[in-house]
Structure formats: C-alpha cells, structure tokens
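Presented below is the structure to which this report refers.
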Amino acid sequence: MRIVAALGGNALLQRGEHPDAAVQLRHVHQAARSLAELVDAGHEVVITHGNGPQIGLLAVESETDPGLTAPYPLDVLGAQTQGMIGTLLARELMNRLPGREVAALVTHTEVDPRDPAFTHPTKFIGGQLGVQQARTLERERGWTTAQDGAHRRRVVPSPEPRAVLEVPVVRRLLAGGTVVICGGGGGVPVARDRDTGRFRGVEAVVDKDLTAALLAEHLDADALVILTDVTHVFTRYGTAHPGPLVTTTPERLRALDLPEGSMRPKAEAAAAFVERTGGLAAIGPLDNALGTVLGTTGTTVRAAPGGGEKGPGALPAGRPADDGAARHPAV
C-alpha cells in the first residue's frame, strides 16, 4: 500500500516537556522505529509532521532577538521547522533502513488569502502560558491566546489547504523507491496573486492533518495514518468510563464533540480522506504505526457500506463500529 503517515507535533514534543533537542531526538528515535516497520512491511511511505510546539519556540526566539528589527514571519519559521524536524527524521530513518533512499523535502501549501481563518485564529503553537503571561503577550506583541486544557497558548490563523505544490516531485521520488518526508507543519503557507500568478508567504500555520489528507488524495494513497500521543479517539472522555473508539465511519466520527485545534482536525482529515477516496484512515499511537494500519490498535475509519469512490469500504470483519456515548475524546 501507499501510506501517508502524519506525525503530531505534540507527539515529538509532548505537553509539559522541556523543548530541548535531546527530548525531541528521543521521540524521533521512537517514531523512526515505528515508521521503519511500515517500510519493512513493504509499504510505500510518505511522512508528514506537525510543528506546533517547535514553531512556537522559534517565534518566541525571533520576537525576543535584539539583533532583529522585526521578527521572522510564520511562513519562514515554518520552513525552518521543516528543515529541523525533517533532518532528525531523515537521519534516524537512514540508520534504520540501510540501503533505502530517504529525502526530506521543503514543501509549500497554497491557501486562499480570503479564507475566514485569517480573522478567526484557532491553531495552537508554542508552549503553555499562565493567564497573566498570556495577557502580557497579547498586549505587548499583539498575540491571540486561547485556553488549552488548564493553560493558555498562542493561536494563529490556520487556513484550509488548497494544493500542495510539490506533489509532482513527491510522485517522482516515490517512483524511485524513496521514503519521502514532506508537508511538515502543513507546508509553508503561500498565496498566489490573481493578477501576476506569483506566490508570496502568508502569516499562518496550516493544519498538518488537513494537508496530509490532501496530499494522500493527490498521491492516490491507499491509507492515511495519523499518529499521535494517544492510542485511540476516546468516547465519554472525562468521565469515569471513557471508551476507546475502535472502528467508525466518517459520519459518526464527525458527530463526536471534538475540541478544535487538537483532535477535531485529525478527525476531519480522516473523514475527508475516506469520503473523497474510499480509502482507509486511522488515528493511533506514534509508537505503533504498523498496528494502526493493521487495526490492532488505534481508531479505524472506513466508508459505510456502499460509500467511497474506490470500493465498498466495509468495516473489517469482527470489528463492529463502536461509537459509544460520545462526549469528549482524548486529544
């Protein structure tokens, strides 16, 4: 199968962890082992990754650098995170897959400059902030912050991805047997001038899961696998009896009450890919990519019988859909 595997930025730097390189290297080491199992099983693999914690860290550094007259824009910082995370993943995969070519590609994602997301920021970036700290940053730097669990975090615009510009390049790399890392952080956001056709960077962070779904569709992938820091999407989350969601359909997944900026984009990406292609989508743990594809862990999303463009999309035998009394899934 051709698989697009999307790694969450929080899976590489988890909540509350110190953002040192050594911490992220440890998580990348674990992710590379999991991803290498997909390649060793004979699958074509394209890897995307989030960058929320990482781009937030770079944004703070840029804002406070006394040598700069103005901070670097988010599109440039996004490209920096693609290079940083891409090289860590590439090196680990080269070590685990001797003889296989691995390429990390800086990727651009076209967005609509009139997207309403530019006036309603929802994408969390950076670390946790106290209430007073958040208020100070809002006042002094013009940031927008929002509640994320018990703390506040910066939020930035996250427009809908319209096209991944390097898809033809990725196709050529896959044809040569290369394991490709691309679309990091949702891709560098760019907008096309309607008069000149020229591209310019925009101040945003595209959701990597939505970009991964678009990339998977345009690459004719068989599966979209979203790997994160939880084992499943959970129903009845926050109660005494949370339940792991094992299998479901796009319609049922969308009916869950999911938090914006975390599990909601993952669910939307999985649902959209299945609806548009009839392929398989799954959300599962970072340390077991192969198990998530095989359905031994994670939440599997398939079209209802008769749905999808590639086939009937029936649920796997022996794994009936179990939506439970959905309230708040894990993030």
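The values are calculated or read from the model by the stated rules, or taken from the named source; none is laboratory data. Since this is a predicted model, take the numbers as computed values, not measurements. Every residue, glycine as well, gets a Cβ built from its backbone with ideal geometry; the counts of neighbours run over all protein chains shown. Note: accessible area is taken over every heavy atom of the protein model, side chains too, but ligands, DNA and RNA are not part of it. Shrake-Rupley method; radii C 1.70, N 1.55, O 1.52, S 1.80 Å.
Tell me the relative contact order for the stretch 1-144 as a rounded percent, counting alpha carbon contacts under 8 Å between residues six or more apart.
On the way: 127 pairs, mean separation 38.8, N = 144.
It rounds to 27 percent for the stretch 1-144.
Which whole-angstrom value gives the distance between the alpha carbon centres of the stretch 192-234 and the stretch 1-76?
Comparing the Cα centres of the stretch 192-234 and the stretch 1-76, I get a distance of 15 Å.
What does the charge count near L165 come to, summing +1 for each Lys or Arg and -1 for each Asp or Glu among other residues with Cβ under 12 Å from its Cβ? Can you show the working numbers first?
On the way: positive: R162, R192; negative: E110, E166.
Once all neighbours under 12 Å are counted, the net charge is 0.
Quick one: pull the percentage of alpha-carbon pairs in the chain with a separation above 24 Å. Please list the in-between numbers first.
Details: 28783 of 54615 pairs.
Tail of P(r) above 24 Å: 53 percent of Cα pairs.
Suppose the Debye formula is applied to equal point scatterers at every Cα of the stretch 149-206; what is log10 I(q)/I(0) at q = 0.14, 0.19 Å⁻¹?
-0.56, -0.83
Using the Kirkwood formula over every pair of different C-alpha atoms, what hydrodynamic radius in Å results for the stretch 134-285?
Working: mean 1/r = 0.0568 Å⁻¹.
It works out to 17.6 Å.
What does the extension gain come out to for A175 and L294, with contour length at 0.36 nm per residue minus their alpha carbon separation?
Extra length available between A175 and L294 comes to 40.4 nm.
Above 16 Å lies some portion of the pair distances; for the stretch 70-130, what is it as a whole percent of all C-alpha pairs? Write down the numbers at each step before the final one.
Working: 1182 of 1830 pairs.
It works out to 65 percent of all Cα pairs.
Given a cut-off of under 8 Å on Cα pairs at least six residues apart, what relative contact order in percent is computed for the stretch 64-184? If you can, show how the numbers build up before the last one.
Numbers: 153 pairs, mean separation 43.0, N = 121.
Reported as a whole number, the value is 36 percent.
Convert each backbone phi in the stretch 148-165 into a coupling constant with the Karplus relation 6.51 cos²θ - 1.76 cosθ + 1.60 (shift: θ = phi - 60°), then list the ³J(HN,Hα) values in order as whole Hz, x for Gly and Pro.
Listing the rounded values in order: 9, x, 8, 10, 10, 9, 5, 10, 10, x, 9, x, 5, x, 10, 7, 9, 5 Hz.
Let's see if you can work this out: charge +1 on each Lys and Arg Cβ, -1 on each Asp and Glu Cβ, no other charges. What is the dipole magnitude of the stretch 32-108 about its Cα centre, in debye to the nearest 20? Display every interim value, and only then the final one.
Numbers: 4 positive and 9 negative charges, 46 e Å.
Computed charge dipole of the stretch 32-108: roughly 220 debye.
On a 1.4 Å probe surface of the protein chains, which of R114, R264 comes out largest in accessible area, and what is the full order? Intermediate results must be reported in sequence, preceding the final value.
On the way: R114 155, R264 45 Å².
Output order, biggest surface exposure first: R114, R264.
Report ³J(HN,Hα) in whole Hz for each residue of the stretch 39-52, in order, from the Karplus equation J = 6.51 cos²θ - 1.76 cosθ + 1.60 where θ = phi - 60°; Gly and Pro get x.
3J(HN,Hα) across the stretch 39-52, in whole Hz: 5, 4, 7, x, 8, 7, 10, 10, 10, 10, 8, x, 8, x.
Along its principal axes, what span do the Cα atoms of the stretch 9-136 show, with the longest given first and each in whole Å?
50, 35, 28
Give me the percent relative contact order of the chain, please, defined on Cα pairs under 8 angstrom at least 6 residues apart. Don't jump to the answer; show the numbers that get you there.
Numbers: 776 pairs, mean separation 66.8, N = 331.
Over the chain, the number comes to 20 percent.
Report, in debye and to the nearest 20, how large the dipole of the stretch 55-167 comes out about its Cα centre when Lys and Arg carry +1 and Asp and Glu carry -1 on their Cβ.
Numbers: 12 positive and 14 negative charges, 70 e Å.
Rounded to the nearest 20 debye, it is 340 debye.
What's the ranking of 59-70, 87-98, 132-143 by average number of surrounding C-beta atoms within 10 Å, highest first? Don't skip to the answer; put the middle values down first.
Numbers: 59-70: 11.4, 87-98: 17.1, 132-143: 13.5.
My ranking of the peptides, most packed first, is 87-98, 132-143, 59-70.
Once phi is turned into θ = phi - 60°, what whole-Hz ³J(HN,Hα) does the Karplus curve with 6.51, -1.76 and 1.60 give for every residue of the stretch 248-258, x standing for Gly and Pro?
6, 10, x, 4, 5, 5, 5, 6, 6, 8, 10
Charges on Cβ only, +1 for Lys and Arg, -1 for Asp and Glu, centred on the Cα centroid of the chain; of A213, T107, L256, which one is farthest towards the dipole's positive end?
L256
State, to one decimal in nm, how far the label point of R15 lies from the label point of D195, with both points 7 Å from Cα in the Cβ direction.
4.7
Using DSSP to call loops (not H, G, I, E or B), can you name the trypsin sites (Lys or Arg not before Pro) in the stretch 144-246 whose Cβ has at most 10 other Cβ atoms within 10 angstrom?
Numbers: sites: R152, R153, R154, R162, R171, R172, R192, R194, R198, R200, K208, R236; in loops: R162, R194, R198, R236.
Here the sparse-neighbourhood loop sites are R194, R198.
What shape does the stretch 82-213 take by its C-alpha gyration tensor, where a ≥ b ≥ c are the square roots of the eigenvalues and a/c under 1.5 counts as rounded, a/b above b/c as prolate, and the rest as oblate? Could the numbers behind the result be given before it?
Numbers: a/c = 3.06, a/b = 1.47, b/c = 2.08.
Oblate, because a/c is 1.5 or more while a/b does not exceed b/c.
So who's got an amide H within less than 5 Å of the one on L245, skipping anything under 5 residues away but keeping other chains? H placed 1.01 Å off N, in plane.
Answer set, sorted by chain and number: V233, F234, T235.
Nearest 20 debye, what's the magnitude of the dipole of the chain about its Cα centre given +1 on Lys and Arg Cβ and -1 on Asp and Glu Cβ? Before the final figure, lay out each step's value.
Numbers: 33 positive and 37 negative charges, 46 e Å.
I would put it at about 220 debye.
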